[in-house]
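Let me begin by presenting the structure, written as structure tokens, before commenting on it.
What follows draws every value from the coordinates through simple rules; no lab data is involved. Worth saying up front: this structure is predicted, and the values here are computed from it rather than measured. Positions of Cβ are generated from backbone atoms using ideal geometry, with glycine treated the same way; all protein chains shown enter the neighbour counts.
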Amino acid sequence: MKYKHILVALELAEDSKVLIDRAAVLAKILDAEVSFIHIDGSHGEIYPDLVDIQVDEQEPPIKRASLEQLKQLTEYTDQPIKHFLIGTGDLSDKLPDTIASYGCDLLICGHHHDFWSRIISYSKHLIHNSPVDILVVPLGESN
């Protein structure tokens, strides 16, 4: 299958660079576009809409320090980023509409190999709600 638009689910963690690298390599091979998404689930769904920080002038619904960390991730890669979507709530709930609205056909996310991820797998929720193929990248143990 030839993917045309890769959506990368990012966290506020150094591990996100592994996902960005994977997306950049695939995008170059497939001549695909890349977009990022970050959903802050720490306070529930404060704001139901997604904000594209690449084009929107409005203030995204996350803390300024978090926004700066995310912007640094765009500077990490030389891969052009089509959209960088920011929101609150649960990523798996937002996936179907987001993927349809932005024309994504591959989702890249990470999976930690730590104690808590063995008990509660967030990746499983993404898999059940994604209408497109998913590349789940194993990430190192986190403390």
Note to self: Per residue of the stretch 89-94, what does 6.51 cos²θ - 1.76 cosθ + 1.60 with θ = phi - 60° give for ³J(HN,Hα)? Whole Hz please, x for Gly and Pro, Karplus curve as stated.
What the structure shows: x, 10, 4, 4, 6, 8
Notebook entry, point to check: Can you pull out the GluC sites (Glu not before Pro) in the stretch 51-109 that DSSP calls coil and that have at most 11 other Cβ atoms within 10 Å?
Noted result: Glu57
